[in-house]
Amino acid sequence: MYFENVAALINMDGHGVYVWASVAVTLAVMLWLVIAPLISQRRLLKEVSRDIQRQQDRELAAQKVSNQEESH
Amino acid sequence: MNWLSNWSPSWQWFHRLGSPRWFYQTTGRWLPWLSLLALALLGTGLVWGLGFAPQDAKQGNSFRIIYIHVPAAFLAQSGYFIMAIAGAIGLIWKMKMSFMVMKAAAPIGAVLTFVALFTGAVWGKPTWGAYWVWDARITSMLILLFLYAGVMALQYAYHSVDAASKASAILALVGTVNIPIINKSVDWWYTLHQPATIKLTSAPSMHMDMFMPLLVMIIGFYLFYAVALILHTRNEILRRERKTSWVRELVNAKAGL
């Protein structure tokens, strides 16, 4: 390592605040860039799954009604 | 434009690329590898640049900000080209898939431009003594941020998706004028901002021990950009194609039905 110890790496001769603040903000927003679409994808897939379920329920109900009508 | 599609059989890939379903499935296979590679390169570059590269003779350790500032600024500009080209393809060939890529590219580019501006400001404090100066390079980067914001805003300014896409694409194309201005700003005007460290046409003006980690970071940022663009585009595909049978099949397959 270029620095003698971890304390020197963090301090960077007084420039550590600037360097580490830049790194922290950059990593945070980059992480958000990949996590945000993943969260939204999960939600979208759940919604589609609910749509499918709802349609199946409706079809089932319609079938029941027509069955009842036949038996009358 | 029919003559273009009848050009030769090799245009088949172009048509497949235009299929959201094909895009979704293919990129799904690439994603794990791309992400892994991006993570490995970014990790290596960051540790190398922050902990092992020598410090700059004039700027000391504050110079290490270069390892995120320059790659972010690179991608902010390359990303703009990608967005504008996607918009142009969408306009010329009426390819919806291309418009989806354009829409996905806007927030990613905006975030990377913000990163370039933020790290630049933080770097400016110990180097120039000020967080912000109205310097040609910095001002043109700020305009880039507004252009990205404009493309994003136009996506929601219309009821029709088609109209929104076309308007965004035109703004994106017009805005490309700004890219050479950003590039040349350090040469055309007297600026505080230092001239380019890396040029395609000549050897880098920095020591190899400093340059190698920067190169790793730039490649890492490109891969990260690809991952982010794919993720955002897939999301847009799902949003627009949620009623189609292939999305339903996909959901059913995932649920194990």
Handout entry: Of the DSSP H helices in chain B, those whose Cα atoms cover at least 27 Å axially and whose Kyte score averages 0.5 or more
Key = B:20-47, B:66-93, B:96-128, B:136-155, B:208-241
Fill in the blank from the handout: Convex hull around the C-alpha positions of chain B: the volume in Å³ per residue is 166 Å³
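Considering every residue in B:58-69, what mean count of other chain Cβ atoms within 10 Å of its Cβ is obtained? Mind dumping the intermediate values first?
Numbers: counts 0, 1, 4, 12, 9, 2, 9, 8, 1, 4, 7, 2.
Across B:58-69, the average partner-chain Cβ count within 10 Å equals 5.
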Handout entry: Average beta-carbon neighbours from other chains, 10 Å sphere, peptide A:37-48
Key = 5
Fill in the blank from the handout: From the Cα centre of the stretch B:208-257 to that of the stretch B:48-101, the distance in Å is 17 Å
Practice task
Beyond 21 Å, what share of the Cα-Cα pairs of the stretch B:175-257 is found? Please give it as a whole percent.
Solution key: 61 percent
Fill in the blank from the handout: With Rh as the Kirkwood radius over Cα pairs, the protein assembly as shown has Rg/Rh of 1.08
Problem - Assigned charges on the beta-carbon of Lys, Arg, Asp, Glu; the stretch A:6-71 dipole about Cα centre (debye) - result: 80 debye
Completion exercise
A chain fully extended from B:ILE92 to B:THR26 at 0.36 nm per residue, minus the present Cα-Cα distance, gains in nm 21.3 nm
Practice task
Let me have the 222 nm mean residue ellipticity of the protein assembly as shown computed from DSSP H runs of 4+ only, each contributing -39500 (n - 2.57), with the sum over all residues rounded to the nearest 500.
Solution key: -26500 deg cm²/dmol
Fill in the blank from the handout: Output ordering of B:18-26, B:103-111, B:147-155 (per-residue mean of other Cβ within 10 Å, highest first) is B:103-111, B:147-155, B:18-26
Practice task
Would you mind calculating the relative contact order of chain B from Cα pairs under 8 angstrom and at least 6 residues apart, reporting the percent as a whole number?
Solution key: 29 percent
Handout entry: For residues of A:11-18, the mean tally of beta carbons on other chains within 10 Å
Key = 6
Completion exercise
Out of B:LYS166, B:LYS125, B:LYS243, a Gaussian network model of chain B with alpha-carbon springs under 10 Å gives the largest mean-square fluctuation to B:LYS243
Fill in the blank from the handout: For the table B:LYS94/B:LYS184; B:LYS94/B:LYS243; B:LYS166/B:LYS254; B:LYS103/B:LYS199; B:LYS96/B:LYS199, the rows whose alpha-carbon distance is greater than 24 Å are B:LYS94/B:LYS184; B:LYS166/B:LYS254; B:LYS103/B:LYS199; B:LYS96/B:LYS199
Completion exercise
Applying the gyration tensor rule to the Cα atoms of chain A (axes a ≥ b ≥ c; rounded if a/c under 1.5, else prolate if a/b exceeds b/c, else oblate), the class is prolate
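Throughout, read-outs are computed from the coordinates displayed, never taken from laboratory work. Keep in mind that this is a model prediction, so the values were computed, not measured. Neighbour counts run over all protein chains shown; Cβ positions are idealised from the backbone, glycine included.
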